[in-house]
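Taking it in order: structure first as C-alpha cells, then the write-up.
The values are calculated or read from the model by the stated rules, or taken from the named source; none is laboratory data. None of the values given here were measured: they were computed from a predicted structure. Methodologically, a virtual Cβ is constructed for each residue, glycine included, from the backbone with ideal geometry; neighbour enumeration extends over all protein chains shown. We work out accessible area using only protein heavy atoms, side chains counted, and drop any ligands, DNA or RNA first. Shrake-Rupley method; radii C 1.70, N 1.55, O 1.52, S 1.80 Å.
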Amino acid sequence: MWVYEKKLLYPVEVTTCNPMLARYIMEQYGGADGELAAALRYMNQRYTVPDKVIGLLTDISTEEFSHLEMLATMIYKLTKDATPEQLEKAGLGAHFVNHGHSLFYENAGGVPFTTTYIQSKGDPIADLYEDIAAEEKARATYQWLIDISDDPGINDALRFLRERENIHSLRFREAVELLKDERDRKKIF
Amino acid sequence: MDRSLFRGSYKPYVSPRDPCPPILVKTFVLPPQLFTNFQKPGLPQYSPEQALKHGSLWPSFVDGFYSEEGIS
C-alpha cells in the first residue's frame, strides 16, 4: 500500500516553452535507463531477494516513482502550450499525431517503453549488480541532459535527480555487502 | 574447495497460510569474484589437465554448482 502526498519530491521550475528539451527528458521518462524502468525493476525484484534487502528495493522503487512524477511535470510544462508546428520542429510531430499533448512512455528517439529493458534473474547478486549498473547509467544520462539543457530551473531539478542516483548506487553496493555477510561459512564458525 | 564459502542463506517469511509447503531456508550463490577485487599474484594453481576440467587455473575461483545443492 502507498500513501500519496500531493506534492513533488523536489520543486520543478519551468520558465520556457521548450518541446525540444521535453523530448530529451523523455529519455529518462520512458527510456531503457530511465526512472520507469528503475521503479518497475526494483518493485519486481523485491519479492525474491533475501529478506534483509527487500525493504531497500521497495523504498528505492517508491522513490523512483516520485522521480518519474518530477520528469512528467517537466515534460508536461515544457510542452503543454506548444503548437503542433513547434512540436514538429522539436521532432515530436510523430508523438503529437499519436498522443496529442499527452505524455507517453517513450525514449528521446520515440521508441516506446518495453519490459525487455529490465530483468529479474532470481539470483540476488546478479540482480543487485544490474541495479548498480542501472543507477550509474541513469546518472550518466542526467549528466548529458544537464549538458544539453540551458534551462536553469530544469537543470537544478536534474542535478538533484543525478545526486539521488549516486546515493541509490551506494545503497545497492551496501546491499551486496550485507549479503556477503550472510555467507554460510561464517555462520558455521 | 569449501563450497559453503560461496553460498549464503536466509530464512524467508513463512505464513501459516502458505499454499505450498514452505521452504524454510533459501540458499543463494556468493561467487568467489565477489570477495576478490584484484587477484593476488602467486595463488596455488591446478595442473593444466585439472584446469581445463574446472574452467579456471586457480582453485580459489572454482565454486562449482550442482543441482543437488537445491538452490533453485
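Loop-only check: which chymotrypsin sites (Phe, Trp or Tyr not before Pro) in segment B:10-57 are DSSP coil with at most 13 other Cβ within 10 angstrom? Those satisfying the criteria are B:Tyr13, B:Phe38.
Reported to the nearest whole Å, the Cα centre-to-centre distance from segment A:135-167 to segment A:37-58 is 24.
Of the residues A:Asp150, A:Asp33, A:Asp127, the one that moves most in a GNM of chain A with alpha-carbon contacts below 10 Å is A:Asp150. Judged by the gyration tensor of its Cα atoms, with axes a ≥ b ≥ c, chain B is prolate; a/c meets the 1.5 cut and a/b is the larger of a/b and b/c. Each helix, a run of at least 4 DSSP H residues, gives -39500 (n - 2.57); summed and divided by the residues of chain A, these come to -21500 deg cm²/dmol at 222 nm.
Pairs exceeding a 26 Å alpha-carbon distance, out of B:Lys11/B:Lys53; A:Lys180/B:Lys53; A:Lys6/A:Lys121; A:Lys52/A:Lys121; A:Lys7/A:Lys89: B:Lys11/B:Lys53; A:Lys180/B:Lys53; A:Lys6/A:Lys121; A:Lys7/A:Lys89. When the alpha-carbon atoms of segment A:141-189 are used, the pair Rg, Dmax equals 18.3, 59 angstrom.
Classified by the C-alpha gyration tensor, segment A:23-83 has a prolate form. Its axis ratio a/c, with a ≥ b ≥ c, is 1.5 or above, and a/b is larger than b/c.
Under the combined filter of DSSP loop state and at most 15 neighbouring Cβ atoms within 10 Å, segment A:2-35 retains these chymotrypsin sites (Phe, Trp or Tyr not before Pro): A:Trp2, A:Tyr4. The largest-to-smallest principal axis extents of the Cα set in chain A are 71, 32, 29 Å.
How much length is gained on full extension from A:Thr62 to A:Lys80, taking 0.36 nm per residue of separation minus their Cα-Cα distance?
Working: separation 18, 0.36 × 18 = 6.48 nm, distance 2.66 nm.
Full-extension gain reported as 3.8 nm.
Burial here means at least 30 square angstrom less accessible surface with every protein chain in place than with the chain by itself, probed at 1.4 Å; in segment B:1-39 the buried residues are B:Ser4, B:Leu5, B:Ser9, B:Tyr10, B:Phe28, B:Val29, B:Leu30, B:Leu34, B:Phe35. Across segment A:134-149, rounded Karplus estimates of 3J(HN,Hα) from the backbone phi angles (6.51 cos²θ - 1.76 cosθ + 1.60, θ = phi - 60°) give 4, 5, 5, 5, 5, 4, 4, 4, 4, 4, 6, 5, 4, 5, 8, 9 Hz, Gly and Pro being marked x. Quick one: net charge around A:Ser120, please, counting Lys, Arg +1 and Asp, Glu -1 for every other residue with C-beta under 15 Å from its C-beta. Its environment carries a net charge of -1. Using a 1.4 Å probe on the protein chains only, how many percent of the accessible area of the protein assembly as shown belongs to carbon and sulfur? Roughly 57 percent, rounded to a whole number. Spin-label model, B:Leu5 to A:Glu5: label points 7 Å out along the Cα-to-beta-carbon direction sit 4.8 nm apart. Interface size, chains B and A: roughly 1400 Å² of accessible area buried, both sides included, 1.4 Å probe, rounded to the nearest 100.
When the helices in chain B are scored as -39500 (n - 2.57) per DSSP H run of 4 or longer and the sum is shared across all residues, what 222 nm value do you end up with, to the nearest 500 deg cm²/dmol?
On the way: 1 runs with 7 residues, N = 72.
For chain B, the value works out to -2500 deg cm²/dmol.
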